[in-house]
């Protein structure tokens with residue numbers, strides 16, 4: 001299975017877990033493009049074999065496939081590597097694209113996109129998240145596809161249901177209204193600092209989880225917002241936590257679990273041009289979710305906005321106003337119920353993907369057919 005980064009790994013992980021359970025004798029090889037995938041330890045729970053996929057050239061692809069000898073190659077979401085796909089096709093090794101999502105403005109659907117359509121045609125099966133994507137593939141003559149949904153819903157629901165306690169966060173939150181701001185970038189942090197330096201947010205606390213750990217940015221935020229504590233500087237839950245207004249989490253890997261301590265969530269990336277991060281994770285806890293205006297490329301954002309689970313904010317004043325609305329008990333109840341329905345409708349994605357892989361003959365029906 002090839003994933004660009006940690007985000008794509010989280011989308012592919014439920015299927016990887018299902019394959020590991022179904023074919024315990026099979027060897028799972030995981031490859032990444034980005035350090036955010038390789039440097040995240042969670043893949044070690046599934047396989048001992050993870051590495052960077054060598055650059056996409058004819059020589060590298062040939063050598064890699066000769067050494068690994070895969071029975072099937074699974075690519076997650078957007079990963080299209082021409083020489084690898086071409087060589088897999090030549091060797092008659094099945095290639096599958098999962099969790100795929102397409103838009104009409106992408107190059108695959110332009111008159112000059114023939115080369116990119118050819119790469120899509122190399123896949124034996126494309127499992128898409130939404131029906132709109134399936135219709136786009138139909139429009140360019142690609143029929144080997146199926147709609148399975150977004151596996152992030154299943155992964156996020158499993159994390160939300162798992163046991164987790166953090167004494168520092170419990171002492172900080174202390175029964176107060178808490179905004180969890182996850183995967184933030186400088187533009188997000190500037191807006192949040194203005195909002196939480198104001199007396200208008202005195203009834204709220206902020207847990208800030210930057211996308212990148214940058215000590216200079218953390219120091220600047222602490223200077224702008226009095227009462228800011230940094231997670232790594234705290235050895236244990238102390239008396240000062242309850243009175244602090246902001247807690248900055250400067251440790252990777254906690255975000256998906258600490259949303260459970262929130263009253264509302266803000267997810268970064270859509271205020272600037274970096275791209276909206278995972279808004280499904282906070283919704284799994286029934287939290288209302290806020291994000292910036294640049295979200296058009298993310299279908300889950302449109303869905304949450306339509307259901308009243310999410311709100312778009314562009315500045316500190318809009319953020320404060322949204323928090324005032326989310327503080328109302330009735331609004332919180334309605335949002336939790338709407339989020340629950342959304343997750344119910346998007347359940348069972350892994351089972352659907354596995355079923356299509358089996359029905360298409362790309363995986364053996366007998367568990368013992370995959371051997372080392």
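The values are calculated or read from the model by the stated rules, or taken from the named source; none is laboratory data. Keep in mind that what you see is a predicted model, and the values were worked out from it rather than measured. Glycine gets a Cβ as well: all are built from the backbone with ideal geometry, and neighbour counts include every protein chain shown.
Here are a few things to note about the model shown:
- Residue identified as touching a strand residue (DSSP E or B) at 6+ places or on another chain (Cβ under 8 Å), assigned by TED's automatic domain parsing to the domain that holds residue 256 and either assigned to a loop (DSSP other than H, G, I, E, B) or buried (at least 21 other Cβ atoms within 10 Å of the Cβ) (or both) among 357, 323: 323
- Residue within region 15-27 that is over 18 Å from the mean Cα position of the chain (by Cα), touching a residue at least 60 places away in the same chain (Cβ under 8 Å), exposed (fewer than 12 other Cβ atoms within 10 Å of the Cβ) and assigned by TED's automatic domain parsing to the domain that holds residue 93 present: yes
- Elements of type helices (runs of 4 or more DSSP H) contained in region 122-173, each with 2 or more residues being out of contact with any strand residue (DSSP E or B) (no Cβ under 9 Å at 6 or more places or on another chain), at pLDDT below 95 and over 26 Å from residue 92 (Cα atoms): 151-161, 167-173
- Pairs, first over 15 Å from residue 300 (Cβ atoms) in region 332-349, second in a helix (DSSP H, G or I), C-beta under 8 Å, six or more apart: 332/326; 335/326; 348/154
- Leading residue by the ranking (surrounded by the fewest Cβ atoms within 10 Å (Cβ to Cβ)) among those in region 307-317 that are touching a strand residue (DSSP E or B) at 6+ places or on another chain (Cβ under 8 Å) and more than 16 Å from residue 206 (Cβ to Cβ): 312
- Flag for residue 70 being surrounded by fewer than 20 Cβ atoms within 10 Å (Cβ to Cβ) and touching a residue at least 40 places away in the same chain (Cβ under 8 Å): yes
- Output for region 1-25, where each listed residue is part of a loop (DSSP other than H, G, I, E, B) and under 12 Å from residue 74 (Cβ atoms): 1
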